[in-house]
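The values are calculated or read from the model by the stated rules, or taken from the named source; none is laboratory data. Quantities reported herein were computed from a predicted structural model and do not represent experimental measurements. Every residue, glycine as well, gets a Cβ built from its backbone with ideal geometry; the counts of neighbours run over all protein chains shown.
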Amino acid sequence: MRGRVWVSYLMVAMAMAAGSPAAAAAEPAVSTAQAEAGEGPPAVEVAVTRDGGVWTADYVFAKDAPVWGFIRSSLINGSREAWRPGDWSVVTPGVVLERVGNLDVLRAIDGGDVPRRVSLRLTPRDHNLEADYGVLIFTDGSTAMFTGAFDVFPLASLEAARAAPEDLNGFVMDKSNARITWRDASGPVLLHGQRQDRAVTEDGTTYVLFGAAQMKEGERLVTVVDPELPAWVAATIEDFGPRVAEYYTGRMGPGQSDRPTVVASWKGPTPGLQSMGGSVLPGLIVMNFEGIGQVRPSPDSEASTRWFIGHESAHFWLGQTVRYERSRDSWITEGGADLMAIRALKTLYPDYDARTELQREVDDCVRLAVKPVREAVSRGEYRAFYACGAVFALTAEGVQRRATGGDWFDFLRPLIDANREDGVLTREEWLTELTRVSGDASLRADIEILLDDGAADPAALIAALFDRTGVGYRREDGKIRLD
């Protein structure tokens, strides 16, 4: 049976939102706040409509540009192909949607400016995307759309589009979030826990839920679950989600949300597979389950599902309360969340096999860190951020244990508390704290080799880190085996 499949996602702000009936293309009005501030319409307006099985997106641009690039031009996990050109088609004559360099773009065929109004036909598919938020499709047809997929920015030429880096951090662009109107001809959709007939979103970081999927509200958790999701999985989410959040709060102080919404989809009992993927946005955890391995509970499947919930919940602290500075530093949040989940499960379920999970982290880091971890995005090797980030977190935990008798949470909490105001935990801050607690600058130097250069023998460097920080292991046939 294939093991878990994890998808790394860039952390962005969001909430639940939705649209409503009326397939008519009425233009959204200027918001009250904008009117009071004397502001006019935004640079880009979009009307996304579902009418039966037909999905459309109608763009209105407030300025001329020969090329409009999609800010979130992610690839499909595995194939590394662009998803948008296959799922969206241009209806407006003279305009094409295509991949140029690292961007999906709209451009005029004749090389002139793109028309101010462009209509698209959408075919939503629930792709597993690299480092991004995809469409969620429930077995009853309910569909959740991520608004950030519709944000665009103007470019002066195709050459400018080709020059855009894969990681747009630091790339100068004229960007303002699109104002999007959402409508569903079949009836109201979900917005901030309430059904509405029409919605307008302006932050570009929101999920919009179309369809009949129902909410279940608890004291510490709200769930929106696929009706075909195995009942034991839904029950585990509802039981363990609040428990692990309470544990994190006790160890880390308040997180970004104390009553999040969980949206869980189900892709069916695919033979030979047990797969889970997810992402976290402010106030929301999105989960995707698939495979015959999830149909019935077993000790292994229950532990894996709890671990998954623990990892995603950890991001309300490490990812939301504080985030990384650049996507190449996501080892801070992904590996850190991995170790948070492992330590929480071992505390809440003493018979949990933490060593096996940690061994997987070490093995994967050894395999992937022959190349620079910081460049894993360009290789599509997002697993490196999880595995090597967890190895670095183990190193920090060893340092903290020697210094104070503490654990990973004791190392991490001061970093989170120190950065609650600016909301960013940088690589420099993380490594500086490692040196401060340990008094050993060579630890930082070895970690930076793995981050920036990779190593011909990562196992040797990791073993050296463990030797100096007291992480228990032994060498067998050149491999690291945790005690």
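Scanning the range 89-118 for residues that are aliphatic (A, V, I, L, M), within 16 Å of Phe61 (Cα to Cα) and touching a Phe, Trp or Tyr at 6+ places or on another chain (Cβ under 9 Å) turns up Leu97, Val105, Leu106, Val114, Val118. Do you know which of the residues in the range 420-430 that are surrounded by 15 or more Cβ atoms within 10 Å (Cβ to Cβ) and out of contact with any Asp or Glu (no Cβ under 7 Å at 6 or more places or on another chain) is farthest from Thr249 (Cα to Cα)? Per the stated criteria, the residue is Glu429. Scanning the range 103-131 for residues being in a strand (DSSP E or B) and of a type in the set (Asp, Glu) gives a total of 1.
Yes/no per residue for (1) touching a Leu at 6+ places or on another chain (Cβ under 9 Å); (2) surrounded by 22 or more Cβ atoms within 10 Å (Cβ to Cβ); (3) at pLDDT 95 or above:
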| position | (1), (2), (3) |
| --- | --- |
| Arg121 | no, no, yes |
| Asp126 | yes, no, no |
| Gly141 | no, no, no |
| Thr147 | no, yes, no |
| Val152 | yes, yes, yes |
| Pro165 | no, no, no |
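Filter the range 290-325 down to the residues that are without any contact (Cβ under 8 Å) to a residue 24 or more places away in the chain and either of a type in the set (Asp, Glu) or within 15 Å of Phe409 (Cα to Cα) (or both) and list them by number. Asp300, the sole residue that qualifies. For the range 345-355, the condition of being of a type in the set (S, T, N, Q), in contact (Cβ under 8 Å) with a residue 40 or more places away in the chain and in the same structural domain as Tyr473 (by TED's automatic domain parsing) holds for at least one residue. Among the residues of the range 285-296, those that are surrounded by fewer than 21 Cβ atoms within 10 Å (Cβ to Cβ) and either touching a Ser or Thr at 6+ places or on another chain (Cβ under 7 Å) or closer than 28 Å to Gly255 by Cβ (or both) comprise Glu290, Ile292.
Quick one: which of Thr223, Thr201 is outside the structural domain of Val48 (by TED's automatic domain parsing), of a type in the set (Val, Ile, Thr) and in contact with a helix residue (DSSP H, G or I) (Cβ under 9 Å, 6 or more places away or on another chain)?
Of Thr223, Thr201, the one residue that is outside the structural domain of Val48 (by TED's automatic domain parsing), of a type in the set (Val, Ile, Thr) and in contact with a helix residue (DSSP H, G or I) (Cβ under 9 Å, 6 or more places away or on another chain) is Thr223.
All of Ala234, Ala212, Ala303 fail the test of being among the aliphatic types (A, V, I, L, M), over 20 Å from the mean Cα position of the chain (by Cα) and within 30 Å of Asp407 (Cα to Cα), apart from Ala303.
Return the total of residues in the range 377-394 being in contact (Cβ under 8 Å) with a residue 12 or more places away in the chain, surrounded by fewer than 23 Cβ atoms within 10 Å (Cβ to Cβ) and in a helix (DSSP H, G or I).
3
When Glu312, Glu302 are screened for being assigned to a helix (DSSP H, G or I) and in contact with a Ser or Thr (Cβ under 7 Å, 6 or more places away or on another chain), only Glu302 passes. Of the residues making up the range 273-282, those that are touching a strand residue (DSSP E or B) at 6+ places or on another chain (Cβ under 6 Å) and either crowded, with 24+ Cβ neighbours inside 10 Å or small (Gly, Ala, Ser) (or both) are Ser275, Met276, Gly277, Gly278, Ser279. Scanning the range 326-358 for residues that are assigned to a helix (DSSP H, G or I) and of a type in the set (Lys, Arg), we see that the one that is nearest to Pro414 (Cα to Cα) is Arg343. Please determine whether any residue of the range 69-88 is more than 28 Å from the chain's Cα centre (by Cα) and part of a strand (DSSP E or B). No, the conditions are met nowhere in the range 69-88.
If you check Gly319, Gly335 for being under 14 Å from the mean Cα position of the chain (by Cα) and more than 19 Å from Pro260 (Cβ to Cβ), only one passes: Gly335. Give the range 181-228 a look and list any residue that's surrounded by fewer than 18 Cβ atoms within 10 Å (Cβ to Cβ) and among the basic types (Lys, Arg), or say none. Result: Arg195, Lys216, Arg220.
Counting residues in the range 455-462 that are within 21 Å of Arg402 (Cβ to Cβ), over 30 Å from the mean Cα position of the chain (by Cα) and in the same structural domain as Asp363 (by TED's automatic domain parsing) gives zero.
Listed by first and then second residue, the pairs with beta-carbon distance under 8 Å, at least 6 apart or on different chains, first residue in the range 147-168 and assigned by TED's automatic domain parsing to the domain that holds Leu209, second in a helix (DSSP H, G or I), are Ala149/Arg84; Leu155/Ala161; Glu166/Val377; Glu166/Ser378; Asp167/Ser327; Asp167/Arg328; Asp167/Val377. Evaluated against (1) within 16 Å of Tyr324 (Cβ to Cβ); (2) in a helix (DSSP H, G or I); (3) in contact with a strand residue (DSSP E or B) (Cβ under 8 Å, 6 or more places away or on another chain), Phe466 falls short on exactly one condition, (1).
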